[in-house]
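Trainee: Here it is: the structure, laid out below.
Where a number appears in this text, it was derived from the coordinates with a stated rule and is not lab data. Computed from a prediction, not measured in an experiment: that's the story for all the values here. Using ideal geometry, Cβ is built from the backbone for each residue, glycine included, and neighbour counts are taken over all protein chains shown.
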Amino acid sequence: MRLLLPSLLCCASLLAGCSFFGYYKQEKPIWAPPEEGAKVQFLNSLEGGSRLTGPMMAALKVAMDDYLPPSVGAEDQKYPAGKCLVQWKYINVSVFQASDDLFFVLFIPDLSHCGPGFIELDAGAEYAIDGKGRILAKQ
């Protein structure tokens with residue numbers, strides 16, 4: 001019984017210590033202040049908007065995590081081109097469902113935002129993702 005409390009404390013400290021190394025670390029979404037949210041008027045219909053099915057969203061997330069891992073940020077990049085190419089706001093995305101179990105996800109950076117005359121020959125990527133969320137191929 002005397003060893004139970006120290007053993008529990010030791011185990012608890014070891015488990016909590018994993019969080020300091022980045023395990024189970026997930027960034028929380030940033031919420032705007034309530035006064036800004038109060039100004040938003042929701043639409044009566046989203047007709048004409050983009051519609052993605054659940055499996056399409058799952059394929060998109062797998063491709064997004066590979067193309068631009070969440071740990072990569074613009075502030076980590078040394079060159080202006082890198083700072084531009086790692087921001088989702090400058091990347092156009094297409095998702096195509098070829099069959100029930102095959103999705104194609106295409107990332108095309110909009111280089112016009114990266115600076116005048118900016119040319120990147122090998123920017124973008126196309127993924128083939130299966131229904132199990134596995135990357136089958138990338139080009």
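Trainee: Apply the a/c threshold of 1.5 to the C-alpha gyration tensor of region 40-114 and tell me whether it is rounded, prolate or oblate. Walk me through the intermediate numbers first.
Mentor: Details: a/c = 2.24, a/b = 1.42, b/c = 1.58.
Here region 40-114 falls in the oblate category.
Trainee: For residue 132, go through the aspartates and glutamates and keep the ones whose alpha-carbon is under 17 Å away, minus same-chain ones fewer than eight residues off.
Mentor: Hits, sequence-local ones excluded: 65, 66, 100, 101.
Trainee: In debye to the nearest 20, how big a dipole does region 50-138 give about its Cα centre with +1 on each Lys and Arg Cβ and -1 on each Asp and Glu Cβ? Don't skip to the answer; put the middle values down first.
Mentor: Working: 8 positive and 11 negative charges, 34 e Å.
Magnitude of the dipole: close to 160 debye.
Trainee: Do any trypsin sites (Lys or Arg not before Pro) in region 39-122 lie in a loop, going by DSSP, with at most 16 other beta-carbon atoms within 10 Å of their beta carbon, and if so which?
Mentor: 39, 51, 78
Trainee: Can you spot the aspartates and glutamates whose alpha carbon is less than 17 Å from residue 78's alpha carbon? Ignore those fewer than 8 places along the same chain.
Mentor: 120
Trainee: Could you tell me which of the pairs 61/83; 28/138; 28/61; 39/61 are separated by over 26 angstrom between their Cα atoms in the structure shown?
Mentor: Numbers: 61/83 21 Å; 28/138 29 Å; 28/61 16 Å; 39/61 30 Å.
Distance filter (> 26 Å) returns 28/138; 39/61.
Trainee: When the dipole is taken about the Cα centre of region 51-93, and only Lys, Arg (+1) and Asp, Glu (-1) are charged at their Cβ, what size is it in debye, to the nearest 20? Let's see the in-between values first.
Mentor: Details: 5 positive and 4 negative charges, 38 e Å.
For region 51-93, the charge dipole is close to 180 debye.
Trainee: If you count, for each residue, the other Cβ atoms within 10 Å and average over each peptide, how do 67-74, 98-105 line up from highest to lowest?
Mentor: 98-105, 67-74
Trainee: Let me ask another. Label region 91-139 by shape, choosing from rounded, prolate and oblate, from the square roots a ≥ b ≥ c of the eigenvalues of the Cα gyration tensor; if a/c is under 1.5 it is rounded, and otherwise prolate applies when a/b is larger than b/c, oblate when it is not.
Mentor: prolate
Trainee: Just in region 23-72: which GluC sites (Glu not before Pro) are loop by DSSP and have at most 15 other Cβ atoms within 10 Å? If you can, show how the numbers build up before the last one.
Mentor: Details: sites: 27, 35, 36, 47; in loops: 27, 47.
The qualifying sites are 27, 47.
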